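The values are calculated or read from the model by the stated rules, or taken from the named source; none is laboratory data. Please read these numbers as outputs of a predicted model, since none were measured by experiment. Cβ placement follows ideal geometry from the backbone for every residue including glycine, while neighbour counts extend to all protein chains displayed. Remember, those area values only see protein heavy atoms, side chains included, never the ligands or the DNA or RNA. Shrake-Rupley method; radii C 1.70, N 1.55, O 1.52, S 1.80 Å.
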Amino acid sequence: TTLLQDEENVGNVKRLIAKVFELSLQATVPEEADVEPIVAASTVGRFGDYQCNNAMGLFSKLKGKGGGQFRGPPAVGQAIMKNLPQTEMIESCSVAGPGFVNVSIQKMLLDGIDTWAPKLSIKRAVVDFSSPNIAKEMHVGHLRSTIIGDTIARMLEFSHVDVLRRNHVGDWGTQFGMLIEHLFEKFPNIEAVNETAIGDLQAFYKASKQRFDDDSEFKERAQKAVVRLQGGEKRYRDAWAQICAISRREFDSVYDRLKVELEEKGESFYNTFIPSVIEGLTNQGLVEESEGARVIFLEGFNIPLIVVKSDGGYNYASTDLTALWYRLNEEKVEWIIYVTDVGQQQHFEMVFKAAKIAGWLPTEANKYPRTSHVGFGLVLGEDGKRFRTRSTEVVRLVDLLDEAKSRSKAVLEEREKDKDWTKEEIDQTAEAVGYGAVKYADLKNNRLTNYTFNFDQMLNDKGNTAVYLLYAHARICSIIRKSGKDVEELKKTGVLSLEHQDERVLGLHLLRFSEIVEEACTNLLPNILCEYLYNLSENFSKFYSNCQVIGSAEETSRLLLCEATAMVMRKCFFLLGITPVYKI
């Protein structure tokens, strides 16, 4: 039960087990009508697959009411176990000492949080994300794909999956004819071409498109240029490579700011494989002629999948089918995840269906190898329309990220941090908070919904925002620093003991970390991890309000709980691609 399974079962097994324990709890403490079973996937292997964590809380509750029929939490556990109804779902059941939460957290403090990584049943995956088009500006849609894709890749990597992070850039196609011809017109000496000479690549693209639309002679030359480029003529290949290189530098300025790593394998990479893939599908009898084009008819879709256009050229479907074939056969990948806007969902469903008919993928759901389309909604402006600047232009991503950083910096200067902090500290904090705010505002929503881009909301230090969470982490670090204790030493010598109700709630929440990451991976939903992180912070606040840390008799244990919380928060930040801050 602890391996990655289909989305329904992961939820269902837990729910079914909770139902069984609910019946037992009713029999064990009939007078306590409102006791909810606390069932979690076990994070400590030797305690089995699932654990029911009611014994400690229930014992405290009964003790508080003067009910003395149980001598301690283990006795409550024994009674719950005895009253379990017969079910084939539970093979065996045993009572672990009430200290299992303490032991698990203490072990993680010593051995590191990576020991809490979920173990998934796959070894290798492709996450295909970001994927902007050469010579076109990256827009907020690419920002969503980049942020969501990076988090999915990070969660899978943390779970010991070998992830191929693929940037499937649009670096091939008919638009290159007009770009290359325009380049030749403006720069007869191609060697002299550089970023400065071309200037704004997007303006260059628009100018070449204008020429293509207005001048039939230019249009003809551009169409011939495509053929010469695809034929591999050196002058045309060089011009193409030059345009790609300039565009790539633009993309990298965004990736550098977001600290996102990608390996580019653009559309052009798959070009040489397309003919043999189409031939293979044709030999299987899947490809038919239709209105001059070659297509695959798919049951359940009212349009066919065009794999060769009527002019003999290839299109997105040809490339995407070939890339899928390559990933399955050459790269031996078990799970291929595509992160694009929801508008492309039908296209990918058709490609996946064709791959199933061809026998590349199993027809049963949740068998491997498998493919998943991770769709996401639009980014809206405050007017509720697609996010743009005042004109109809889409906002440049670099400008957007720089503004988040400068707004964040302004807040720090307003709070006169520049008097105590070095320039570098101000800069690093502004970057961590600014970029973190943009990422978290996107990731905390269910990705399928549209979300409104609002700087004031995302940079607010109250509520479910990155700023609030980063500050909460910094406060925990400050508590540990103020104690004057060496927390690394305490990890080796101190003992964790969670007696107070708020300590226990926090401890149990920490233990759910592995299960949450697994659930977020299985369902490809980063917002599950964001919700966990926000609740963790809330649980910590409650604990800190009600349990004195520094100077209390329980100081050592509580400092260890603070450190465990900070460690889990830092790992959550890492998985969300956010840089933690240690002081505020």
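Overview of results
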| item | result |
| --- | --- |
| Rounded, prolate or oblate (a/c below 1.5 giving rounded, otherwise prolate when a/b exceeds b/c) for the chain by Cα gyration tensor | oblate |
| Paramagnetic reach from Glu261 (point 7 Å along Cα→Cβ, amide N under 19 Å) across the stretch 549-584 | 571-580 |
| At most 14 other Cβ within 10 Å, DSSP loop - GluC sites (Glu not before Pro), the stretch 269-348 | Glu291, Glu299, Glu330, Glu331 |
| Gyration tensor verdict on the stretch 117-241 (Cα atoms; rounded if a/c is under 1.5, prolate if a/b is larger than b/c, oblate otherwise) | prolate |
| Å² per residue, accessible surface of the stretch 357-449 at 1.4 Å | 54 |
| The stretch 220-282 versus the stretch 373-451: alpha-carbon centroid distance in Å | 31 |
| 19 Å reach of a label modelled at Lys482, 7 Å along Cα-to-Cβ, counting backbone N of the stretch 566-584 | 566-567, 581-584 |
| For the stretch 93-143, radius of gyration divided by Kirkwood radius, i.e. Rg to Rh on alpha-carbons | 1.34 |
| Loop-resident sites, the stretch 273-335, for trypsin sites (Lys or Arg not before Pro), counting at most 16 other Cβ within 10 Å (DSSP) | Lys309, Lys332 |
| Amide H contacts under 5 Å for Arg386, placed H, 5+ residues apart | Gly381 |
| Other-chain or far-sequence residues with amide H under 5 Å of Val169's (modelled H) | Lys265, Gly266, Glu267 |
| Theoretical gain in end-to-end length, Lys123 to Ala27 [0.36 nm per residue, Cα-Cα removed] | 30.2 nm |
| Degrees, to the nearest 10: 501-511 long Cα axis against longest axis of the chain | 40 |
| Additional length obtainable on full extension of the chain from Val342 to Asp213, 0.36 nm per residue less Cα span | 43.4 nm |
| Distance (nanometres) between label positions extended 7 Å along Cα→Cβ at Tyr316 and Glu91 | 4.7 |
| For Asn464, distant residues with modelled amide H under 5 Å away | none |
| Karplus-derived 3J(HN,Hα), 6.51/-1.76/1.60, for each residue of the stretch 519-528, Hz, glycine and proline x | 5, 5, 5, 4, 8, 6, 10, x, 5, 4 |
| Qualifying lysines (Cα of each under 16 Å from Cα of Lys405; at least 8 residues distant if same chain) | Lys259, Lys417, Lys423, Lys439 |
| With Cα atoms, 0 to 90° folded angle of helix 216-230 axis to the chain main axis | 60 |
| Calculated P(r) of the stretch 194-257 - Cα pairs past 20 Å, % | 41 |
| Accessible-area composition of the chain, carbon plus sulfur, in percent [1.4 Å probe] | 49 |
| Tilt relative to the chain, helix 234-258 - C-alpha long axis, 0 to 90 degrees, to 10 | 20 |
| For the stretch 484-549 versus the stretch 159-186, the gap between their alpha-carbon centres in whole angstrom | 44 |
| The stretch 393-474: trypsin sites (Lys or Arg not before Pro) in DSSP coil with no more than 15 other Cβ atoms inside 10 Å | Arg415, Lys462 |
